[in-house]
Each structure stands twice: as structure tokens, then as C-alpha cells.
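The values are calculated or read from the model by the stated rules, or taken from the named source; none is laboratory data. Quick caveat, the model's predicted, so the values are computed rather than measured. Methodologically, a virtual Cβ is constructed for each residue, glycine included, from the backbone with ideal geometry; neighbour enumeration extends over all protein chains shown. Note: areas computed on protein heavy atoms with side chains; ligands, DNA, RNA excluded. Shrake-Rupley method; radii C 1.70, N 1.55, O 1.52, S 1.80 Å.
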Amino acid sequence: GASYETPQFRWGGATGTFDPSSGTGSVSFDGQVHFTGHDGLLDLSLAQPTVEFEGATAALLLDARSTDMEGEVAVDAAQEWVGDVTLPGGLQVDDGTLVVTDAATTLTNAGVTAFAGFYEAGDELDALRLSLSLADCADPEAASAPEEGPAETAAPASPAFWT
């Protein structure tokens with residue numbers, strides 16, 4: 001589910017919801033990247049990224065498994081909040097696609113642990129880029145219920161998330 005083409009990692013298979021009117025939602029991706037090196041001391045897996053949109057900001061969550069300098073497992077956590085993402089103002093959906101380009105992303109305190117303490121909280125990570133094709137999501141049971149505000153929009157398996 002994940003791929004690498006210098007210098008970008010890509011994830012596809014996006015699923016989730018996004019409400020363009022409020023800029024809120026959550027989109028998750030499939031796949032994993034695994035780094036090893038330094039005679040086994042470096043052993044880091046990052047998987048299943050999720051972006052939780054909160055208007056002008058977002059949170060980047062990952063399944064993270066990493067070893068410390070002694071090669072012992074330092075973290076093995078699901079959906080660890082590793083990055084704070086600053087989104088461009090007024091996210092726009094054009095022709096059914098939400099595109100975010102070069103959103104500044106910084107490491108959180110939990111992200112420090114996920115990366116086995118090799119970086120400090122607040123360190124700048126690679127900018128986040130997203131391209132999500134959005135489609136109306138109809139819940140058959142909700143169709144007969146009275147409408148309460150804007151319908152959420154699903155983000156089906158369309159292009160990718162990459163950093």
C-alpha cells in the first residue's frame with residue numbers, strides 16, 4: 001500500500017470523511033514503510049497514516065514501531081499523534097478533489113517517542129501533500145432521517161498522501 005519514489009513516500013487507499021464546509025474530517029491510508037540500518041539499531045516502521053482535519057490545522061497519526069539506541073523496542077503504538085500540520089486557509093475542493101500542497105508539519109511530543117528520541121518536539125518534518133478525490137457518501141439508513149447540516153463527504157481509494 002505504500003511506495004517510495006525519491007524523495008517522496010506515497011500512500012493510497014484513502015477512506016474516511018471530510019466536510020468541506022467546516023474543514024473537518026478524518027482520512028486514513030493503507031500501507032507501511034520500514035527502515036533498517038546501523039547494524040540493526042535502526043528499525044523503524046511507520047504504517048496506516050491518518051490525517052485528522054480540524055479546520056486550519058490537522059493532526060498526523062501513524063502506527064509506529066521503533067527501537068532505541070540499544071536496539072530495544074522503544075515504541076509500538078497504533079495511531080500515535082506524530083505531527084501537527086498547518087493547513088492553508090480555506091481548504092478548497094475543486095472538481096471533487098481536495099488538494100493540499102506543502103503543508104508545514106512539525107513533530108509532536110508523542111512523535112519524539114515514535115522516532116525513538118532521535119528528533120525534538122517542534123522539529124520540522126517534510127511538508128505534507130494530499131490529493132483526495134471526494135464522493136458523496138450516502139448512508140441508506142440516514143437517507144430517511146431529516147437532514148441536519150451539510151452531508152459529510154467520503155474520501156474513497158483515490159490518489160494519495162505523501163510527504
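The table for this structure:
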read-out: Descending semi-axes in whole angstrom, ellipsoid equivalent of region 21-125, from the Cα gyration tensor; value: 29, 14, 11
read-out: Rounded percent of accessible protein surface that carbon and sulfur make up, region 61-135, 1.4 Å probe; value: 46
read-out: Computed lengthening from T86 to T101, 0.36 nm per intervening residue step minus Cα-Cα distance; value: 4.3 nm
read-out: Within-11-Å neighbourhood charge of E80 [Cβ basis; K, R +1; D, E -1]; value: -1
